[in-house]
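Trainee: Have a look at the structure that comes next, please.
The values are calculated or read from the model by the stated rules, or taken from the named source; none is laboratory data. None of the values given here were measured: they were computed from a predicted structure. Heads up, the Cβs are rebuilt from the backbone with ideal geometry, glycines too, and the neighbour counts pull from every protein chain shown. Note: areas computed on protein heavy atoms with side chains; ligands, DNA, RNA excluded. Shrake-Rupley method; radii C 1.70, N 1.55, O 1.52, S 1.80 Å.
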Amino acid sequence: MDLFSYFINNFDVVMQRTLEHLFIFFISWILSVVVGVFIGIYITREKRKRYTNLALTITGITQSIPSVAVIALIFLFMGIGKLTAIIALFLYGLVPIVFNTTSGIVSISPKIIEIAKGMGMNEKEILYKIEIPIALPAIFSGLRNSAIINIATATVASVIGGGGLGVIIFTGLSHYNASIIFAGALPVSVLAIGIDIVLELFEKKWVSKGLINEF
């Protein structure tokens, strides 16, 4: 019961920090989704395919960079505050979306594209009717990975003024208080699981059942 004592006695504070956490997550993640999917589609177009492998290599390497390093680098240029946290989370959440969107599109069999061309489809029709629908499982995988990474990294972003549940967790760490740490960690876990379930439901709704287990 002691483990829940801070959570119960400071429920209003936990809720306020949870809303802050959701705010910086949602803004940065939506930006990552829009920009990441656009970049993934842009670099897989016929005229730019010579850059696709380079982009996959760069994004693959970038995924190994620790989130703390990205946050610290952005902090050096932008200082402290929520905007800094949002920019850092946006950049870090961008990588899995670009990587999965790109790899999902380039992994489509060239024979399928040739058949579509033979049926008289232009490049835009092939993109919207063939490539995106087939690549959706990979794209959703990137969106879900990005969301989980973003929610977890938003905790670290509190050290540069991002607010959110990281404030509670780091307060607990500085006081060696397990109850305070738990009050911050529990909502982070619930948010990560909840958002992943919501995205999984969207994936099942929009992706053909025959493609869900392809990636």
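Trainee: Quickly run through the stretch 79-103 and pick out the residues that are open to solvent by less than 40 Å² (accessible area, probe 1.4 Å) and among the β-branched types (Val, Ile, Thr).
Mentor: Thr84, Ile86, Val95, Ile97, Val98, Thr101, Thr102
Trainee: If you don't mind, there's one more thing I want to ask. What are the residues in the stretch 100-125 that are free of Cβ contacts under 8 Å to residues at least 60 places away in the same chain, assigned to a helix (DSSP H, G or I) and farther than 24 Å from Lys205 by Cβ, if any?
Mentor: Pro110, Lys111, Ile113, Glu114, Ile115, Ala116, Lys117, Gly118, Lys124, listed by residue number.
Trainee: Follow-up. Is it the case, given these coordinates, that Ile65 is open to solvent by 20 Å² or more (accessible area, probe 1.4 Å) and farther than 17 Å from Gly163 by Cα?
Mentor: yes
Trainee: Something else now. For the stretch 151-209, how many residues are touching a His at 6+ places or on another chain (Cβ under 6 Å) and part of a helix (DSSP H, G or I)?
Mentor: 2
Trainee: If you don't mind, there's one more thing I want to ask. Do we find that Leu31 is open to solvent by less than 30 Å² (accessible area, probe 1.4 Å), under 23 Å from Gly162 (Cα atoms), modelled with pLDDT of 80 or more and in a helix (DSSP H, G or I) in this structure?
Mentor: So Leu31 fails the test.
Trainee: Check Val37 against each of (1) closer than 20 Å to Gly162 by Cβ; (2) surrounded by 12 or more Cβ atoms within 10 Å (Cβ to Cβ) and name the one condition it does not meet.
Mentor: Result: Val37 fails condition (1) only.
Trainee: Next question, about the same structure. Only residues that are touching a residue at least 12 places away in the same chain (Cβ under 8 Å) and not aliphatic (A, V, I, L, M): list them for the stretch 172-212, please.
Mentor: Across the stretch 172-212, the qualifying residues are Gly172, Asn177, Ser179, Phe182, Gly184, Pro187, Asp196, Glu200, Phe202, Glu203, Trp206, Ser208.
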